[in-house]
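First comes the structure, then the notes that go with it.
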Amino acid sequence: MARDLLSILRSVGFDDKEAPLYLHGLEVGSAPASQYAKGTGLNRITVYNTLEDLVRRGQFTVEKKVRGKYYAPVAPDLLALDARKNVEQLERSLPELKSLRGGAYRKPQVRFFEGWEGVRRVYEDTLTAGTELLNFANSAAVRTFWPKYDEEYVTQRVKRGIHLRGIAPDDAAGRKVHGEDRGRMREIRLVLARDFDFTNEINIYDHKVAICSFGSGLNASSFGSLDEVFAVIIESPEVAETQRQIFEMAWRYAGRRKS
């Protein structure tokens with residue numbers, strides 16, 4: 001457990017000396033640098049300098065007594081509050097930070113994911129969307145591999161306020177999902193299954209296009225095995241915009257068919 005706590009503290013900005021000092025401080029409370037050195041096995045001068053740095057950063061307090069300075073860590077709740085503030089500040093700064101990237105970083109990036117766990121990671125990435133989610137999907141495919149898809153994924157998408165427009169084959173699964181659109185922040189249009197029975201899924205969001213492949217099966221009972229599924233994320237503003245235009249063209253066709 002102690003090793004896990006050290007890793008967690010490092011993840012929020014403590015280095016290899018600071019993390020054990022903070023944990024030791026929680027155990028002993030207010031104590032002189034010499035006691036911290038003894039408890040952690042660190043050099044006394046190193047401990048003193050590190051504690052002074054932590055005091056300046058507001059992560060430790062110091063009290064002057066007759067026998068010297070006594071140091072104590074701030075409450076873990078304050079660390080969590082500071083960490084949340086830092087994350088919020090970073091998220092607010094993301095557009096500006098991204099705008100500073102040079103031309104080399106704006107080149108298309110392609111990431112490949114194998115197996116079902118890899119595909120799950122791609123679905124998780126779509127939940128970071130800051131734009132509407134545009135989707136070509138076979139309603140049965142993902143639910144064949146992920147029985148709790150609606151509970152675990154759709155619920156999260158709705159909770160995060162991500163609206164979805166989708167195009168799906170007009171089959172039993174497609175009609176069932178389409179009938180549940182209300183309350184799920186989505187609008188699905190159905191197309192003839194005999195002409196458009198796609199067995200993979202395409203999601204377009206932000207500057208990304210995510211493609212999930214479920215094998216070469218032609219119906220819900222014959223999709224590929226877990227070993228065959230894979231996914232790709234393409235990050236490119238130009239590719240994403242072209243795919244959006246293709247989606248809008250298909251969306252109009254699906255709308256005419258409905259009318």
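Out of the residues in segment 148-177 meeting the condition of being surrounded by fewer than 17 Cβ atoms within 10 Å (Cβ to Cβ) and of a type in the set (Gly, Ala, Ser), tell me which one is farthest from residue 247 (Cα to Cα).
Selected residue: 172.
Residue 124 passes all but one of (1) in contact (Cβ under 8 Å) with a residue 40 or more places away in the chain; (2) assigned to a helix (DSSP H, G or I); (3) in the same structural domain as residue 214 (by TED's automatic domain parsing); which number fails?
That leaves (1) as the condition not met.
Taking the conditions exactly as written (surrounded by fewer than 17 Cβ atoms within 10 Å (Cβ to Cβ) and closer than 17 Å to residue 209 by Cβ), does residue 110 satisfy them or not?
For residue 110, the condition - surrounded by fewer than 17 Cβ atoms within 10 Å (Cβ to Cβ) and closer than 17 Å to residue 209 by Cβ - is met.
Suppose we filter 96, 151 for residues that are in the same structural domain as residue 199 (by TED's automatic domain parsing) and part of a helix (DSSP H, G or I); which single one remains?
Matching residue, one of 96, 151: 151.
Pairs only if they're at least six apart or on different chains, beta carbon under 6 angstrom, first in segment 146-170 and farther than 22 Å from residue 118 by Cβ, second in a helix (DSSP H, G or I); list them, first residue then second.
167/250; 167/254; 168/139; 168/174
Looking only at segment 130-147, how many residues end up being buried (at least 20 other Cβ atoms within 10 Å of the Cβ) and not in a helix (DSSP H, G or I)?
6
When only residues in segment 165-184 that are of a type outside the set (Gly, Ala, Ser) and within 28 Å of the chain's Cα centre (by Cα) count, which is nearest to residue 134 (Cα to Cα)?
165
Quickly run through segment 50-65 and pick out the residues that are among the β-branched types (Val, Ile, Thr) and closer than 12 Å to residue 33 by Cβ.
Correct list: 50, 55, 62.
Do we find a residue being of a type in the set (Asp, Glu) and closer than 19 Å to residue 205 by Cβ anywhere in segment 104-123?
Looking for residues that are of a type in the set (Asp, Glu) and closer than 19 Å to residue 205 by Cβ, one finds none in segment 104-123, hence no.
From 78, 90, 42, which residue is more than 29 Å from the chain's Cα centre (by Cα) and either within 21 Å of residue 12 (Cβ to Cβ) or surrounded by 11 or more Cβ atoms within 10 Å (Cβ to Cβ) (or both)?
Answer to the selection: 42.
Being surrounded by fewer than 20 Cβ atoms within 10 Å (Cβ to Cβ) and over 25 Å from residue 230 (Cβ atoms) is the requirement here; does residue 180 meet it?
Taking the combined requirement at face value, the residue satisfies it.
The values are calculated or read from the model by the stated rules, or taken from the named source; none is laboratory data. Note that this is a predicted model, so its numbers are computed, not measured. When we count neighbours, we look across all protein chains shown, and the Cβ atoms used for this are built from the backbone with ideal geometry, even at glycine.
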